[in-house]
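Asker: Before we start, here is the structure in question, set down as structure tokens.
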Amino acid sequence: MVLIAAAVCTRAGKTIVSRQFVEMTKARIEGLLAAFPKLVPTGTQHTFVETDSVRYVYQPLERLYMLLVTTRASNILEDLETLRLFARVIPEYCRSLEENEIVDNAFNLIFAFDEIVALGYRESVNLSQIRTFVEMDSHEEKVYQAVRQSQEREAKLKMREKAKELQRQKLEQMKKGIKANFGSSSGFGPGSNSTYTPSATVDVVSSVQNDVKPPSHSFTQQKRGMKLGNKGKDVDSFVDQLKSEGEKIITAPSNNIHSDTKTPTIKSDIDDVHLRLEEKLIVRLGRDGGVQQFEVLGLVTLHIGNEKWGRIRVQLENKDTRGVQLQTHPQVDKELFKLRSQIGLKQAAKPFPLHCDVGVLKWRLQSTEESFVPLLINCWPSEAGDGSCDVNIEYELAHTNLELADVNIIIPLPIGCTPTVGECDGTYNHESRKNQLVWSLPFIDASNKTGSLEFNAPKAIPGDFFPLHVTFTSKSSYANIKILDVLLVDDDSPVKHSAESVLHPDKYEIV
């Protein structure tokens, strides 16, 4: 078939979005679209109409039409199938089938149309692939962003440590300068007439500490080399750099130069009480079946950002039925956890530590049973007669309560091998520099719990495609442990908090 154009128009013939797939003039396409409403018959069930030169294939969408303009020689059955795919794309990007909603999402619709048809011919894609292509989601970009964020965190940490060291040196020199000035306050010795006033300083530890103000009176300086103002500029530059990177620094003054400084907080997007539930999977499966290693390691960490909420208890829900081994922190009340599934300190009057991630609960699960493995991978390579290998890979989500995102199944290839992919659920990418084929699935849940990939690899043997590695992320908990609420110790009133749950493989391979 040769598809000339795809358009969304009103019942009156007003064109909202139009995409041409062959070279033609603006006047030509405007004429074709303007003639369409006059040709639509009334009281019939037909979804196409023909003229001497073109065929209009259309589908009503409430008060709109999804319209394809094709040549008369095109296959009408293929035209109707393509029309149905176009009609399914529109609700994918528009919340309602209204004219203003179509206009607001016109560019996304045009990008999606381009994935369906190229140079007038239908591409072999489904709705899931179109969604992935339009989003242009890249695993390599995510890895790059993660590495970059890690480098930025390390740079900030080094910067704070450097500022802390500079402040320590400045305070030491200030103390020495005070002692020297007391010794020369009688006016004896050269330079006794010169005076100085130490400048305010800022200390940065895990967060930036308070300004340190000097005494209101000045002292007589014995040597000109004792000035401390220059290093203060270095400290200030570090603080300014922190502020330029988005860190909001709150400082409180202190009148005593030797007083203990308090550590203010740096504002962030999380609440003052934040809980993180993290689980790591270690899975090693045999290529011929069987579980060589399976282990789940879980940890709940608590972060308190305000001393007001230090005395709290965390209410959990545990629906585990697999025999997960739970272990609380030594300072957590074990009886309270056993009886009420709450995490609280043994000494109720004592608050949790501030401004640090405290591990309060961890668990572990080990097994060699295949039923414990959440995602089963079956790789079946077989030798072909021409020295190549036909490889069939399928996945099955055994635990349908889990939702896996950004799933990548990484298949090694022989050096210089260029595979020919046949059928593929999801998308694939041949990384020739790394000699691997990456099978990507944006989302796996109960609705698409199985899928397969078939490809042919020249000059290969079955052992070349192992070990396979699997990566993914999930917001579901494998152990069915959930954070329900945070309560104050005194009156059990709820406390505003934020929580996150993440499940990811530390190692997931088929050997």
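The values are calculated or read from the model by the stated rules, or taken from the named source; none is laboratory data. Small disclaimer: the values here were computed from a predicted structure and weren't measured. FYI the Cβ positions are ideal-geometry reconstructions off the backbone, even for glycines, and counts take in every protein chain you see. We work out accessible area using only protein heavy atoms, side chains counted, and drop any ligands, DNA or RNA first. Shrake-Rupley method; radii C 1.70, N 1.55, O 1.52, S 1.80 Å.
Asker: With charges set only on the Cβ (+1 for Lys and Arg, -1 for Asp and Glu), what does the dipole of segment 318-387 come to about its Cα centre, in debye to the nearest 20?
Answerer: Numbers: 9 positive and 8 negative charges, 168 e Å.
It works out to roughly 800 debye.
Asker: How much net charge surrounds Glu92 when only other residues with a Cβ under 15 Å from its Cβ are counted (Lys, Arg +1; Asp, Glu -1)?
Answerer: So the surrounding residues net to -1.
Asker: Need the C-alpha centroid separation for segment 327-405 versus segment 468-511, integer Å.
Answerer: 9
Asker: Right, here's the next one. List the aspartates and glutamates whose alpha-carbon lies under 13 Å from that of Lys142, not counting same-chain residues fewer than 8 positions away?
Answerer: Output for Lys142: Asp406.
Asker: Per-residue accessible area for Ser382 at 1.4 Å probe radius, Å² rounded to 10?
Answerer: Near enough 50 Å² of accessible area.
Asker: Related question: Which whole-Hz ³J(HN,Hα) couplings does segment 377-382 yield from phi under the Karplus relation 6.51 cos²θ - 1.76 cosθ + 1.60, θ = phi - 60°, glycine and proline marked x?
Answerer: Values per residue, Gly and Pro as x: 10, 10, 10, 10, x, 9 Hz.
Asker: Also, quick follow-up: How much accessible area per residue does segment 454-511 have, in Å², with a 1.4 Å probe?
Answerer: For segment 454-511, the per-residue accessible area is 47 Å².
Asker: Along the charge dipole of segment 286-439, pointing to its positive end and built from +1/-1 on Cβ of Lys, Arg, Asp and Glu, which listed residue (Ser371, Leu402, Leu326) has its Cα farthest out?
Answerer: It is Leu326, whose Cα lies furthest towards the positive end.
Asker: Local charge sum around Leu345 (other residues, Cβ-Cβ under 13 Å, Lys/Arg +1, Asp/Glu -1)?
Answerer: +3
Asker: Follow-up question, since we're still on this one. Listed here are the pairs Lys158/Lys475; Lys449/Lys507; Lys162/Lys308; Lys164/Lys475; Lys482/Lys507; Lys156/Lys334; which of them are more than 27 Å apart at the Cα?
Answerer: Lys158/Lys475; Lys162/Lys308; Lys164/Lys475; Lys156/Lys334
Asker: Follow-up. What are the GluC sites (Glu not before Pro) within segment 1-91 that DSSP puts in a loop, where the Cβ has at most 10 other Cβ atoms within 10 Å?
Answerer: Answer in residue order: Glu23, Glu62.
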